[in-house]
Amino acid sequence: MAVAESTVQRVELDGGVAVGVDGSASSLRALEIAAGEARLRQVTLHVVRAWSIRTAKRPADCPPGAVPSMDEYQQAVTESTQKILDEHLGRDPDIAVALHVVHSPSPQALLSASRGADLLVVGHRGRGGFAGLLLGSVAEQCVRHAACPVLVVRPAV
């Protein structure tokens, strides 16, 4: 299946703080920390939401048995992520916020964003114990390969 022309596959930034958000507790904490960093630095907060058919929320208006288009998935993910931002940052945040909804695996979307960002903030899904010594695969890939400094945030306890 060809990707629709309006479906974004790469993030290109020119400065600011980038943060990966997927709705998980660790990503919401990362959003909070990244917003604080953007305020301190007086730069744009770039919210990156990567998605695939497997991870995207099915569009609400798509009838049962129908297959949504890529554009419909893109719109559904954009709307659900905007709702997260409205709930956690408010409708009129005191910082500039840019939402980047990308049809791409999370590591690639975040690494793409890191090429133009001043700072990349990612959540860490900690497991505790020995397993907790290891970073999640997305966070680890960002730490190893990002083109800018990376801040890994654990969820609030």
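The values are calculated or read from the model by the stated rules, or taken from the named source; none is laboratory data. Everything numeric here is computed off the predicted structure, so don't read it as measured data. Cβ: placed from backbone, ideal geometry, glycine included. Neighbour counts: every protein chain shown. Just the protein is used for accessible areas: all its heavy atoms, side chains included, with ligands, DNA and RNA removed. Shrake-Rupley method; radii C 1.70, N 1.55, O 1.52, S 1.80 Å.
Per-structure values
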{"read-out": "Matching residues in the range 35-64 - criterion: being within 17 Å of Val138 (Cα to Cα) and not in a strand (DSSP E or B)", "value": "Ser52, Arg54, Thr55"}
{"read-out": "Residues (over 21 Å from Pro93 (Cα atoms) and polar (S, T, N, Q)) located in the range 27-62", "value": "Ser52, Thr55"}
{"read-out": "Inter-residue pairs, beta-carbon under 7 Å, first under 22 Å from Ala98 (Cβ atoms) and in contact (Cβ under 8 Å) with a residue 12 or more places away in the chain and in the range 48-72, second of a type in the set (S, T, N, Q) and open to solvent by less than 80 Å² (accessible area, probe 1.4 Å), 6+ apart", "value": "Arg49/Thr81; Ala50/Ser104; Ala50/Ser106; Lys57/Ser80; Met70/Thr7; Asp71/Ser6; Asp71/Thr7"}
{"read-out": "Qualifying residue in the range 70-91 (condition: among the small types (Gly, Ala, Ser), open to solvent by 70 Å² or more (accessible area, probe 1.4 Å) and either within 25 Å of Pro105 (Cβ to Cβ) or more than 13 Å from the chain's Cα centre (by Cα) (or both))", "value": "no"}
{"read-out": "Of all residues in the range 1-58 being surrounded by fewer than 16 Cβ atoms within 10 Å (Cβ to Cβ) and of a type in the set (Ser, Thr, Tyr), the one that is modelled with the lowest pLDDT", "value": "Ser6"}
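Okay, residues lined up against (1) hydrophobic (A, V, I, L, M, F, W, C); (2) within 14 Å of Ala50 (Cβ to Cβ); (3) touching a Pro at 6+ places or on another chain (Cβ under 8 Å); (4) not in a helix (DSSP H, G or I):
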position: Gln75; (1), (2), (3), (4): no, no, yes, no
position: Glu79; (1), (2), (3), (4): no, no, no, no
position: Gln82; (1), (2), (3), (4): no, no, no, no
position: Glu87; (1), (2), (3), (4): no, no, no, no
position: Asp94; (1), (2), (3), (4): no, no, no, yes
position: Ala98; (1), (2), (3), (4): yes, no, no, yes
position: Val101; (1), (2), (3), (4): yes, yes, no, yes
position: Ser112; (1), (2), (3), (4): no, yes, no, no
position: Val121; (1), (2), (3), (4): yes, no, no, yes
